[in-house]
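A.B. asks: I have a structure I would like to understand better, so I am pasting it below and will then ask my questions one at a time.
Only the coordinates and a few stated rules stand behind these numbers; no lab work does. Owing to the predicted nature of the structure, the values given are computational and were not obtained by experimental measurement. Here Cβ is always computed from backbone atoms with ideal geometry, including for glycine, and neighbour counts include all displayed protein chains.
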Amino acid sequence: MGFSLLEILVSMAVVAILLAAGMPGLQQSSERVQMQVWSERILMLLQQRKAFAMSENRQITIAIDSIAAELPNGLSLKHNFRAGSPLVFEGNSGFARAGSIELQNAGYGSKIIISGLGRIRRCQSVGMVLPGFRAC
């Protein structure tokens with residue numbers, strides 16, 4: 001015995017309503033994960049470059065704009081490093097040019113702050129709460 005056309009249409013309507021109700025939560029979850037992943041990637045890249053500069057005892061310059069070119073749609077990057085004063089990690093000391101890099105998407109914002117002593121930290125700048133992030 002099969003299903004009637006009316007039973008199939010009602011079940012499709014119920015499924016459509018449930019999907020529509022779950023979409024905003026799914027999108028919000030996707031934006032949160034995207035922010036966590038990309039801020040972690042950039043943080044790890046900077047820590048890796050600092051460690052390399054110290055181990056090789058030479059100055060390393062980071063091209064922030066090349067990082068921005070790799071970001072997915074919907075995620076923007078702003079920084080306060082300029083062509084005349086790029087992000088640089090010094091050799092043996094690990095000192096750096098101080099500044100910050102900020103990532104934002106529709107619901108979240110993350111900031112990576114580099115101190116002159118070479119300390120690199122991450123915090124939440126704007127938006128909804130990100131687990132594991134302190135407020136800036």
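A.B. asks: Would you mind finding the one in 68, 83, 98 that is aliphatic (A, V, I, L, M) and surrounded by fewer than 13 Cβ atoms within 10 Å (Cβ to Cβ)?
C.D. replies: The match here is 83.
A.B. asks: Given the options 95, 89, name the one that is of a type outside the set (Ser, Thr, Tyr) and touching a Lys or Arg at 6+ places or on another chain (Cβ under 8 Å).
C.D. replies: Criteria check complete, one pass: 89.
A.B. asks: Let me ask something else about it. Check 117, 130 and return the single one that is in contact (Cβ under 8 Å) with a residue 60 or more places away in the chain and either in contact with a Phe, Trp or Tyr (Cβ under 8 Å, 6 or more places away or on another chain) or assigned to a helix (DSSP H, G or I) (or both).
C.D. replies: 130
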